[in-house]
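The values are calculated or read from the model by the stated rules, or taken from the named source; none is laboratory data. Nothing here was measured: the structure is a model prediction, and the numbers come from that model. Glycine also receives a Cβ, built like all others from the backbone with ideal geometry; neighbour counts cover every protein chain displayed. Protein only, heavy atoms only, side chains kept; ligands, DNA and RNA dropped before computing areas. Shrake-Rupley method; radii C 1.70, N 1.55, O 1.52, S 1.80 Å.
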Amino acid sequence: AQSVTQLGSHVSVSEGALVLLRCNYSSSVPPYLFWYVQYPNQGLQLLLKYTTGATLVKGINGFEAEFKKSETSFHLTKPSAHMSDAAEYFCAVRSMGLSFGAGTTVTVRA
Amino acid sequence: DAGITQSPRHKVTETGTPVTLRCHQTENHRYMYWYRQDPGHGLRLIHYSYGVKDTDKGEVSDGYSVSRSKTEDFLLTLESATSSQTSVYFCAISGGPARNPYTEAFFGQGTRLTVV
């Protein structure tokens, strides 16, 4: 069975600072991994995905994530936070449907 | 929003009443899913469909049933609503023209259901 653990339910960063959201997965098969973002009262929007190939994946809004098989991790980063990055972020691994982590809420301080 | 419409967007219902939520897609994706979102739990899969009249249970299926009589519509029914089913429900689709189930999923805007 596939599962995801997101470390930290809340992350607070200053505007312009690094954003780092941690995700570890377990999977019995080569994983397909995803990061989604959810703004208040909206659905989920795909930020980026890893299927095969290059382990450093670039997504929308300046986010990127690196797949590390040896660490079973898929951490999400953004070099410089913007106020508009305040949202909830979900890591997911592909199974039938998607298995989601519990989510990390990001707040950005001015 | 990848052509996904959920209805209703908000509903308040009484304990013990039946409730049906509808998901409609215009993208011809093969796979459709119902999730519920609750604080601290992320999104959890209720049921999914891999084709017309082909459905299966997810991890939190108790108290829910689904039907898919057409490619574009996936219905979620709470036969007798309980307060524990107060949640935000999301429909998702995946597969696309290539019918690959392991592509990313696209989500609807959600239905906020309150059972009083």
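Within segment A:5-24, being away from every other protein chain (no Cβ under 14 Å), among the aliphatic types (A, V, I, L, M) and open to solvent by less than 80 Å² (accessible area, probe 1.4 Å) holds for A:Val11, A:Val13, A:Ala17, A:Val19, A:Leu20.
When B:Gly63 is tested against (1) of a type in the set (Gly, Ala, Ser); (2) more than 17 Å from A:Gly43 (Cβ to Cβ); (3) touching a strand residue (DSSP E or B) at 6+ places or on another chain (Cβ under 6 Å), exactly one condition is not met: (3).
Note on segment A:7-35: among residues that are touching a Leu at 6+ places or on another chain (Cβ under 9 Å), within 18 Å of A:Ala81 (Cβ to Cβ) and not hydrophobic (A, V, I, L, M, F, W, C), the one that is modelled with the highest pLDDT is A:Arg22. Within segment B:1-54, restricting attention to residues that are open to solvent by 70 Å² or more (accessible area, probe 1.4 Å) and within 18 Å of B:Ser67 (Cβ to Cβ), the residue that is nearest to the other protein chains (Cβ to nearest Cβ) is B:Tyr50. Look at (1) open to solvent by 20 Å² or more (accessible area, probe 1.4 Å); (2) in contact (Cβ under 8 Å) with a residue 40 or more places away in the chain; (3) touching a Lys or Arg at 6+ places or on another chain (Cβ under 7 Å) and you find that A:Thr105 fails only one, number (3).
Do you know which residues across segment B:73-98 are assigned to a loop (DSSP other than H, G, I, E, B), away from every other protein chain (no Cβ under 14 Å) and open to solvent by 60 Å² or more (accessible area, probe 1.4 Å)? Matches in segment B:73-98: B:Glu79, B:Ser80, B:Pro97. Scan segment A:61-76 and tell me whether some residue there is open to solvent by less than 50 Å² (accessible area, probe 1.4 Å), within 12 Å of chain B (Cβ to nearest Cβ) and not hydroxyl-bearing (Ser, Thr, Tyr). There is no residue in segment A:61-76 that is open to solvent by less than 50 Å² (accessible area, probe 1.4 Å), within 12 Å of chain B (Cβ to nearest Cβ) and not hydroxyl-bearing (Ser, Thr, Tyr). For segment A:86-100, taking the residues that are out of contact with any strand residue (DSSP E or B) (no Cβ under 6 Å at 6 or more places or on another chain) and touching a residue at least 60 places away in the same chain (Cβ under 8 Å), the one that is farthest from the other protein chains (Cβ to nearest Cβ) is identified as A:Ser95.
Name the residue that is surrounded by the fewest Cβ atoms within 10 Å (Cβ to Cβ), counting only residues in segment A:25-59 that are in a strand (DSSP E or B) and more than 14 Å from chain B (Cβ to nearest Cβ). This residue is A:Leu56. The test for being surrounded by 18 or more Cβ atoms within 10 Å (Cβ to Cβ), of a type outside the set (Asp, Glu) and in a loop (DSSP other than H, G, I, E, B) does not hold for A:Ala1.
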